[in-house]
Amino acid sequence: MRVGVVLRGKYGRRAVKEISEFFEVYTYELPQNLPEIIDEPEELHFPEELFKCDVIVSYALHPDVNYEIIRRAAGKVKYVLLPGGAKSGSKKQLEELGKKYGVNVLVENICCATPKIDDPDVKEFFEKFGMPEFEIEVEDGIIKSVKVKRSSICGSSKFVAEKLVGMRVDEAPTKAGYLTQIYPCFASRGIDGKIHRAAHIHKRQVEKALKD
């Protein structure tokens, strides 16, 4: 399987590191400073190699760029994954555009919320990456080992797993949420920031693993 990652500034570099452990990765880097509105996105110079990938993960964080990626992916790319929520564009419009061009589009606020996709062409990728899954071994109320069965694309799940070893079971879920936020997670900050959702997801998934 071949995965394309569109980079912009600091975004996407950790994803490349994580994904390349399992799959062939092709990267394309956008300029960090892009105009707020790109009047003629068809003039963007994307390399054809990008559209020879099975999955594209775009950290463009720009609606016009992502619309053009989807348009050019028609008949070539199976899935386009867009982290970043509203920064990536309107979820409804992006998904409708995907339907128009026959491309499966997933728009997520945070990469660790990505669901599993039961599609034989890309199943292997989504089994490795998305909403985290852990397997935890406990001895005398202390976490002895943590295996990451499925990791967030940014790698925060691995960071959390390493730090939980040696911790008391009763404090582990809350600490998992805290550790997610100091990874550091690039999700939005503030009272309504998506970083809190990322923390909650990891907390909940650790609770689930301990229960199992």
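The values are calculated or read from the model by the stated rules, or taken from the named source; none is laboratory data. Bear in mind the structure is a predicted one, so any value in this text is a computation, not a measurement. FYI the Cβ positions are ideal-geometry reconstructions off the backbone, even for glycines, and counts take in every protein chain you see. Surface accessibility is based on the protein's heavy atoms, side chains included, excluding ligands, DNA and RNA. Shrake-Rupley method; radii C 1.70, N 1.55, O 1.52, S 1.80 Å.
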- Only one of Lys149, Lys144 is open to solvent by 60 Å² or more (accessible area, probe 1.4 Å), under 28 Å from Tyr59 (Cβ atoms), modelled with pLDDT of 95 or more and outside any loop (DSSP other than H, G, I, E, B); which? Lys149
- Note on the structure: Asp64 passes all but one of the listed conditions (1) open to solvent by less than 10 Å² (accessible area, probe 1.4 Å); (2) out of contact with any Phe, Trp or Tyr (no Cβ under 7 Å at 6 or more places or on another chain); (3) over 18 Å from Thr114 (Cα atoms); the exception is number (1)
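Listed here are the residues, each with its yes/no results for (1) small (Gly, Ala, Ser); (2) modelled with pLDDT under 95.
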position	(1), (2)
Ile70	no, no
Ala73	yes, no
Val77	no, no
Gly85	yes, yes
Gly89	yes, yes
Asp121	no, yes
Phe125	no, no
Ile136	no, no
Glu139	no, no
- Query: Taking region 51-92, which residues are in a helix (DSSP H, G or I) and closer than 25 Å to Ile195 by Cβ?
  - Reply: Pro63, Val65, Asn66, Gly85, Ala86, Lys87, Ser88, Lys91, Lys92
- Query: From the list Arg8, Arg71, Arg14, which residue is open to solvent by 10 Å² or more (accessible area, probe 1.4 Å), touching a His at 6+ places or on another chain (Cβ under 9 Å) and touching a residue at least 12 places away in the same chain (Cβ under 8 Å)?
  - Reply: Arg8
- Note on the structure: Gly98: passes all of (1) over 20 Å from Gly155 (Cβ atoms); (2) of a type outside the set (S, T, N, Q); (3) open to solvent by 60 Å² or more (accessible area, probe 1.4 Å) but (3)
- So how many residues does region 110-130 have that are open to solvent by less than 30 Å² (accessible area, probe 1.4 Å) and charged (D, E, K, R)? 1
- Of the residues Lys194, Lys175, Lys99, Lys149, which is among the charged types (D, E, K, R) and under 26 Å from Arg71 (Cβ atoms)? Lys99
- Message: Quick test for you: out of Val80, Val138, Val107, Val103, pick the one residue that is touching a residue at least 40 places away in the same chain (Cβ under 8 Å) and either of a type outside the set (S, T, N, Q) or surrounded by fewer than 20 Cβ atoms within 10 Å (Cβ to Cβ) (or both).
- Response: Val138
- Would you mind stating whether Ile56 is surrounded by fewer than 16 Cβ atoms within 10 Å (Cβ to Cβ) and β-branched (Val, Ile, Thr)? no
- Please work out which residue is farthest from the chain's Cα centre (by Cα), limiting yourself to region 94-103 and to residues that are within 19 Å of Val57 (Cβ to Cβ) and part of a helix (DSSP H, G or I). Tyr101
- Message: Considering only residues that are open to solvent by 60 Å² or more (accessible area, probe 1.4 Å) and assigned to a helix (DSSP H, G or I), which ones fall in region 152-177?
- Response: Glu162, Lys163, Thr174, Lys175
- Of the residues in region 1-26 that are of a type in the set (Val, Ile, Thr) and in contact with a Ser or Thr (Cβ under 9 Å, 6 or more places away or on another chain), the one that is nearest to Cys154 (Cα to Cα) is Val16
